[in-house]
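*Asks:* Before I ask anything, here is the structure I am working with.
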Amino acid sequence: MIINHERFGNEGPADFGGGLAIYDTSKPDRPKLISKWLTGGKGVHRYDYDGRYAYISPTAEGYVGNIVMILDLIDPVNPVEVGRWWIPGQWTAGGEEYPWHDYVTPRCHHPLRMGNRLYVSYWHHGLFILDISDMSKPTLISHVNSSPAFPHPTHTCLPIPQPLKGRNIMVVADEDVAKLRPHAPSFTWVYDITDETNPLPISTFQVPGIDPDGAPQPPMTGCHQPSERFKGSIIPFAWFAQGLRLVDIADPFAPKEVGHFLPDAPAGADQASSNDVTIDDRGILYLIDRIRGVDIIETSVF
């Protein structure tokens, strides 16, 4: 089991150190720390893991913001970096000119792997598709950025393993925080990546009723995170104040909601804050609220 460590602000012990904590969970009631891999700066935000390689979004010495990195954990005591990638301009220690003094700092939110590709969300710098046929040298295939036209940051780029209507599809969720300007709630995009050199948005999905007229709404009203594990064409989403939303993309040109669960607002809060959701092999859903804990949900949809 791996757990990301990331520092926010100045709270906590000074020697905490950002990175990845690696545990032996062969005895689930007694997880044992094997090692901690440390990185410079704040640490690792999110990641993907395939049982050997971790695809992470760390800060790193000499770079501005978070970058893409691949770690080999075949020896969990001694993780080894096998590759990294960044937007040209981030490696200021390497002499690259930094061009974003008047814009948001580049920040890899996290990469997701499918086959020999990484699908990378990069906050207000959009999305990137990388070829990792050679993990030591990730190479760029394509880049799309909906900011600043839509001022929400890109949170997750989720490739769909099976074709839908004969097309290769990627779901891209924008997070309803850190907006470049006051705006209506964020939503999710559906991209056609059949030609992966030219990703094309073909539809969007928004929870009905939360954007009646395009007027600005408070942060954390709209989209946050799609589950990176899902069944068939139905993707569970954590939609901040709108709770759990189950979105069917069997027709990627017309996504539709097929179920939802709205948790109670925590004591002292005005609304729920559904932050993450995942699903297990039985179809049981686990919905995490930023304040109130976890709801465990069963549904007949799956």
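*Asks:* Within region 113-147, restricting attention to residues that are touching a Phe, Trp or Tyr at 6+ places or on another chain (Cβ under 8 Å) and open to solvent by 70 Å² or more (accessible area, probe 1.4 Å), which residue is nearest to P88 (Cα to Cα)?
*Replies:* So, considering only residues that are touching a Phe, Trp or Tyr at 6+ places or on another chain (Cβ under 8 Å) and open to solvent by 70 Å² or more (accessible area, probe 1.4 Å), the one nearest to P88 (Cα to Cα) is L140.
*Asks:* Still on this structure: Of all residues being in a strand (DSSP E or B) and hydrophobic (A, V, I, L, M, F, W, C) in region 12-38, which is surrounded by the fewest Cβ atoms within 10 Å (Cβ to Cβ)? Just the residue, please.
*Replies:* Taking region 12-38 first, the residues in a strand (DSSP E or B) are 19-24, 32-38.
Now drop any that are not hydrophobic (A, V, I, L, M, F, W, C), which leaves 20-22, 33-34, 37-38.
On the way: L20: 24, A21: 17, I22: 19, L33: 10, I34: 18, W37: 23, L38: 14.
Checking each candidate, the answer is L33.
*Asks:* From G214, G209, G222, grab the single residue that is crowded, with 16+ Cβ neighbours inside 10 Å and in a loop (DSSP other than H, G, I, E, B).
*Replies:* Values: G214 fails: crowded, with 16+ Cβ neighbours inside 10 Å; G209 fails: crowded, with 16+ Cβ neighbours inside 10 Å.
Of G214, G209, G222, the one residue that is crowded, with 16+ Cβ neighbours inside 10 Å and in a loop (DSSP other than H, G, I, E, B) is G222.
Conditions tested, residue by residue: (1) closer than 18 Å to M135 by Cα; (2) assigned to a strand (DSSP E or B); (3) modelled with pLDDT of 95 or more; (4) in contact with a strand residue (DSSP E or B) (Cβ under 7 Å, 6 or more places away or on another chain).
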| residue | (1), (2), (3), (4) |
| --- | --- |
| G40 | no, no, no, yes |
| Y55 | yes, yes, yes, yes |
| E61 | no, no, yes, no |
| L71 | yes, yes, yes, yes |
| P99 | no, no, yes, no |
| D102 | no, no, yes, no |
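*Asks:* Something else about it: Tell me whether region 276-291 contains one or more residues that are in contact with a strand residue (DSSP E or B) (Cβ under 6 Å, 6 or more places away or on another chain) and assigned to a loop (DSSP other than H, G, I, E, B).
*Replies:* yes
*Asks:* Could you tell me how many of the residues in region 81-108 are under 17 Å from E61 (Cβ atoms), open to solvent by 60 Å² or more (accessible area, probe 1.4 Å) and not β-branched (V, I, T)?
*Replies:* 5
The rows are residues; the columns are (1) of a type in the set (A, V, I, L, M, F, W, C); (2) under 25 Å from E257 (Cα atoms).
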residue: R107; (1), (2): no, no
residue: L140; (1), (2): yes, no
residue: V144; (1), (2): yes, no
residue: R181; (1), (2): no, no
residue: I193; (1), (2): yes, yes
residue: P208; (1), (2): no, yes
residue: Q217; (1), (2): no, yes
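*Asks:* Return yes or no: is H152 under 23 Å from Y53 (Cβ atoms) and either of a type in the set (S, T, N, Q) or open to solvent by less than 60 Å² (accessible area, probe 1.4 Å) (or both)? Walk me through how you get there before you give the answer.
*Replies:* Values: under 23 Å from Y53 (Cβ atoms): no; either of a type in the set (S, T, N, Q) or open to solvent by less than 60 Å² (accessible area, probe 1.4 Å) (or both): yes.
No.
*Asks:* Look through region 119-173, keep the residues that are in a loop (DSSP other than H, G, I, E, B), farther than 20 Å from S227 by Cβ and aliphatic (A, V, I, L, M), and return whichever of them is nearest to the chain's Cα centre (by Cα).
*Replies:* Applying the filter and picking the extreme gives I132.
*Asks:* A further question follows. Kindly indicate the residue of region 2-27 that is of a type outside the set (G, A, S) and in contact with a Phe, Trp or Tyr (Cβ under 8 Å, 6 or more places away or on another chain) and also farthest from I70 (Cα to Cα) among those meeting that condition. Please lay out each step first, then the result.
*Replies:* Start the filter on region 2-27 by keeping residues that are of a type outside the set (G, A, S), which leaves 2-8, 10-11, 13, 15-16, 20, 22-25, 27.
Filter once more, keeping what is in contact with a Phe, Trp or Tyr (Cβ under 8 Å, 6 or more places away or on another chain): 2-5, 7, 20, 22.
Working: I2: 14, I3: 15, N4: 14, H5: 16, R7: 20, L20: 12, I22: 15 Å.
Of everything passing the filter in region 2-27, R7 is farthest from I70 (Cα to Cα).
*Asks:* Exactly one of these conditions fails for F253: (1) over 17 Å from E228 (Cβ atoms); (2) without any contact (Cβ under 8 Å) to a residue 24 or more places away in the chain. Give me its number.
*Replies:* (2)
The values are calculated or read from the model by the stated rules, or taken from the named source; none is laboratory data. Predicted model only: the values in this text are computed from it and were never measured. Cβ: placed from backbone, ideal geometry, glycine included. Neighbour counts: every protein chain shown. We work out accessible area using only protein heavy atoms, side chains counted, and drop any ligands, DNA or RNA first. Shrake-Rupley method; radii C 1.70, N 1.55, O 1.52, S 1.80 Å.
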